[in-house]
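Below is one structure, written out as structure tokens; comments come after it.
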Amino acid sequence: MVQRMDALDALTRSEAEVLARTAQITAEHWNQPTVCGEWTVDSLVRHLVSGSNMAVTGLTGAPKEVVVESLQAAIDGDLIDAMRKSFAAQAAAMCVPGAMEVTVHHPAIDMTGEQLLGFRIVDLVMHAWDLAHSLGFDESLDADLVAWTWEWLQPIAPFIGTLGMFGEGPSGTLTDDHPLDRRLIDLTGRRP
């Protein structure tokens, strides 16, 4: 394994990657399209807030219908403030004793808190890149975080394109000679 960064440190760093991009958002950015299908910048940021809120609810062991409701809850007020609060709540929920062993009734599939933590990190890292790429910001990502995310995804890499979360998966056009961040972006179905 290339990198043994602690998963909670990876979560903190992945949240920082998103916050570094959202700190650059101005009023004219919110309605701009992103590389995430039909999502605008506003939609993408709402997705990140909702995902973090859903993680907090899921880590309580709540039934699936309650987890789904938390994912669909309205987000009022300033989106950046809502994001900071949801990230803080998510980090705190991940640190609760026993949180990694909880069965989370995620809308897609039941998983452990530890698995949810990994998925949340991947979601944050990749959407940080999506925001940067969509808005012309610096696309570089924390190298240790890229390595952690790459390693975490390896068990699902052979079938990642069939999951419905990562586009078509890797293009098959990159080799081990390409930088790891480019390979990670490609693995997760992005075509810069």
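Laboratory data are not the source of any read-out in this text; all were calculated from the coordinates shown. Every value quoted in this text rests on a predicted model; they were computed, and no experiment measured them. Neighbour counts run over all protein chains shown; Cβ positions are idealised from the backbone, glycine included.
Just a few scattered comments:
- Every pair of residues 6+ apart whose Cβ atoms lie under 6 Å, when the first sits in region 77-100 and is without any contact (Cβ under 8 Å) to a residue 60 or more places away in the chain while the second is in a loop (DSSP other than H, G, I, E, B): 82/75; 93/59; 99/59
- Every pair of residues 6+ apart whose Cβ atoms lie under 8 Å, when the first sits in region 119-143 and is free of Cβ contacts under 8 Å to residues at least 60 places away in the same chain while the second is surrounded by 19 or more Cβ atoms within 10 Å (Cβ to Cβ) and of a type in the set (D, E, K, R): 140/181; 143/181
- The combined condition, being buried (at least 22 other Cβ atoms within 10 Å of the Cβ), within 20 Å of residue 10 (Cβ to Cβ) and among the charged types (D, E, K, R), is not fulfilled by residue 123.
- Cross-chain or 6+ apart pairs with Cβ under 8 Å, region 149-161 first and free of Cβ contacts under 8 Å to residues at least 40 places away in the same chain and small (Gly, Ala, Ser), then assigned to a helix (DSSP H, G or I) and buried (at least 17 other Cβ atoms within 10 Å of the Cβ): 157/187
- Helices (runs of 4 or more DSSP H) completely within region 1-102 that count 1 or more residues being within 20 Å of residue 141 (Cβ to Cβ): 7-22, 41-58, 79-95
- Evaluation of residue 69 against the conditions (1) surrounded by 14 or more Cβ atoms within 10 Å (Cβ to Cβ); (2) more than 22 Å from residue 18 (Cα to Cα); (3) not β-branched (Val, Ile, Thr) shows that the sole unmet condition is (1).
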